Amino acid sequence: MTKRHAFSVVLLFSIVVLAVTIGVAIAAQQEEAPTVAVSTNEEVLVNAYEIPYVDGMVEGEMVNSAVLVVPEMMNVNATADVQTNTAAAQPTTAKQATKKAVPVKKKTPVKKNTNVTKPTNTSANTNTAVNTNSAPAPTSTADLFDAAKKEITMQLVSSAENSTLNWKAQYGYIEDIGDSRGYTGGIIGFTSGTHDMLQMVQYYAQIAPGNILQKYIPALQQVDGSSSHSGLGTAYVNDWKTAAADPKFQEAQNHERDVVYFNPAVNQAKADGLRALGQFIYYDAMVMHGPGNDSVSFGGIRATALKKAKSPAQGGNETTYLHAFLDARKAAMLTEAAHDDTSRVDTAQRVFLNAGNLDLNTPLSWKTYGDSYTIK
């Protein structure tokens, strides 16, 4: 073999080896799996339907410092890019922020970023923050002998008796409201025709002898049980308003209220197994109808209710019994033209009862005689 022939054989062999090497390299490159570059220096391949749905997750919400972009068309073979905040993600609108129930395959749960304020679905303010950690409103199971609950009760009754929550400004109130009970006056509407005004003025004379109203006691005794103004009139009305500035007169009114109405009503309600709302309902009924036992007085109203439902003390349901009591009271009110507006039952007490507010906790909102009131 000549040198030229030998050189040709070597050259041909080298070419064959080089070709084989290049072919192997190309085949190896084709077998490599493609990856998705992530700016967090990690390589991740994410299937959009392998990311579990997290309660409250929305499009564009921050998840582990990345934005999850859900494909608009739900293709089970589609993939989702995990991008950082510098990615060109579209802003989330209030409408888009509505929770979507995306069917998913179970995989490692995605931890929700709890520091993110989620936009709410509202046209008024798309940046409203939802405070899921807010504490519930404080509640109290105290009875009406608790000072705070008693104050609430005084305001509730005043809204019906005097059309105001400022019950302490009513010591000087007095007028004839045309209900055949003579004069009505004071913080709970004592009347000259139903004995309680006489009792209160007599007690005032005991704790403040010689007071401006003491001289009217004989006239109050004469008109007791009637609608007459005999011996009273304008002079009595003016002197009543003057006496309202006397702390002793205020004390006398508070005493009569508690001894004749408040204490007996609350004690009876507690004996019947009623909580604060029921205690207030009893008290308000006793203020309007009096503590007697006839069919339209407190005792008769209670007796009618007990025929329809058992009290809690008898093993009955508290709500059911109070509805029966309010039904009986409303029927009693409708027997008098002066009390045929039953809003203090319908749009006040019944509202609290229907709301299940048996402990009479604030806030409270109600209406009496068409006027709206709120205690926060």
task: Project the alpha carbons of the range 301-376 onto their principal axes and report the range along each, largest first, in whole Å.
output: 36, 33, 12
- prompt: Contour minus end-to-end for residue 372 and residue 317, with contour as 0.36 nm per residue of separation and end-to-end as the Cα-Cα distance?
  reply: 16.8 nm
query: Of all the accessible heavy-atom surface of the range 150-214, with the other protein chains kept in place and a 1.4 Å probe, what percent is carbon and sulfur?
result: 44 percent
query: Using heavy-atom solvent-accessible surface (probe 1.4 Å) with all chains present, what is the largest-first order of 281, 212?
result: 212, 281
statement: When the charge dipole of the range 167-228 is computed with +1 on Lys and Arg Cβ and -1 on Asp and Glu Cβ about the Cα centre, the Cα farthest towards its positive end, among 169, 226, 210, belongs to 210
task: Could you work out, for the range 273-332, what percent of all Cα-Cα pairs fall into each 10 Å distance bin, beginning at 0 Å and stopping at the bin that holds the largest distance?
output: 27, 58, 14
message: I need the semi-axes of the equivalent ellipsoid of the range 246-306: take the C-alpha gyration tensor, multiply each eigenvalue by 5, square-root it, list largest first in whole angstrom.
response: 23, 14, 8
- line: Expressed per residue, the solvent accessible area of the range 171-275 in Å² (1.4 Å probe) is about 41 Å²
- prompt: How large is the Kirkwood hydrodynamic radius of the range 190-337, in angstrom, based on all distinct alpha carbon pairs?
  reply: 16.8 Å
statement: The set of residues whose placed amide H lies less than 5 Å from the amide H of residue 164, leaving out same-chain residues fewer than 5 positions away, is 159
- prompt: Cross-link list 307/376; 310/367; 241/367; 248/270; 270/376: which exceed 32 angstrom alpha carbon to alpha carbon?
  reply: 307/376
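The values are calculated or read from the model by the stated rules, or taken from the named source; none is laboratory data. Source: prediction; values computed, not measured. Every residue, glycine as well, gets a Cβ built from its backbone with ideal geometry; the counts of neighbours run over all protein chains shown. Protein only, heavy atoms only, side chains kept; ligands, DNA and RNA dropped before computing areas. Shrake-Rupley method; radii C 1.70, N 1.55, O 1.52, S 1.80 Å.
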